[in-house]
Amino acid sequence: MTASPPQPLTQPADVAALAKDLAAAGQFALDLEFVSESRYVPELALVQVAWGDVAKPEVAAVDPLAVDPRPVVELAGDPAVPTLLHAGQGDLALLAHLYGTRGAAVLDTQIAAAFLGFGEQVGYAPLVERLLGTKLDKTAQFTQWARRPLTPEQLAYALDDVRYLPRVWGELARRLAVRGRLGWVEEESRRMAETAARRPPPEETFRRIKGWTNLNPRQLGALRALAAWREREALAGNRPPSWILQEGPLLALARRPPKSEAALEEVRGVSEATARRHGRDIVAALRRGVLEPVEPDREPALSPVAQ
């Protein structure tokens, strides 16, 4: 009979003890489960770790809906404790946003696999099967991770995402060392972690909007101010920016800023509800922006995710 997977930790003392074990091990594997639907910033739903014996590591999960996982996730920012991940940019970006954790000694197995010819974005399950001959059950991949209690199938799936990472990394590291490419992976993983920990400030998000390069400086100023307002609204309510104002109306408003709140509804794509709820802020942002023209060749800036 297969043993049931361990239940996620929900007590601060247990999380602290786990963090101590991970630090003492000197290296650990990390993975996150989160919910991104209907959210601008994903909701963290589970933290999984593996450590110890590479062939048969210990595994554990922390329930961030019940207890603060900070003692564990902050280890990803400890330069003395290498952290193993697979395709970890999204995980690190979320940790930076939620906890201010900036990945330090991270080692990404997807990056490592790319340097060995496995493909630029090889998935975790195919990599485990190719390197270790183990086929993972992925049926629980798309489930409700924020719903409690988690099922044994969900926990087994989540823990398998870290259970094999130490062995995968060990095999990849061995092959990389033979080819003299281990340093390449360390450097590229470091760059990935730095990128994940930074995001454009609200004032630079206008550059994500298709068509911004076709605007003149005054229109760009209006777009920059309006996009910055939308970004702050999206973060404050954790709603996708398009739910607040879509890109088409955003560009139309920047091209011909209305002179009053009442005129907003004449712009295609601006609903009566949007005009009623946000009209004052939209008009104010456009007025500010027009007075602060933007030269189109100005270089974008980056700022830390956590402020």
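For region 18-62, run through the GluC sites (Glu not before Pro) and keep only the ones in DSSP coil with at most 11 other Cβ atoms within 10 Å of their Cβ. Write down the numbers at each step before the final one.
Details: sites: E33, E37, E43, E58; in loops: E37.
Filter output for region 18-62: E37.
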Number of Lys pairs in the chain closer than 30 Å at Cα, excluding neighbours under 8 places apart unless interchain, is 4
Here, S271 and S4, labelled 7 Å along Cα→Cβ, have an inter-label distance in nm of 4.5 nm
Taking 0.36 nm per residue of separation between E58 and A24 and subtracting their Cα-Cα distance, the length gained on full extension comes to 10.9 nm
extent check for region 123-178: Cα max minus min per principal axis, descending, whole Å, gives 46, 15, 15
In nm², the average projected area of the convex hull spanned by the Cα atoms of the chain is 18.6 nm²
For the chain, the dipole about the Cα centre with charges only on Cβ (Lys and Arg +1, Asp and Glu -1), to the nearest 20 debye, works out at 960 debye
Region 164-244, Kirkwood Rh and Cα Rg, ratio Rg/Rh at 1.27
What helix-only [θ] at 222 nm does the chain give? Using -39500 (n - 2.57) per DSSP H run of at least 4, over all residues, to the nearest 500, the answer is -14000 deg cm²/dmol
Highest mean packing first, using Cβ neighbours within 10 angstrom, the peptides 76-89, 111-124 sort as 76-89, 111-124
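Read-outs: derived from the displayed coordinates by stated rules, not from any lab. Being a predicted model, the structure only gives us computed values, none of them experimental. Virtual Cβ from ideal backbone geometry, glycine too; neighbours counted across all protein chains shown.
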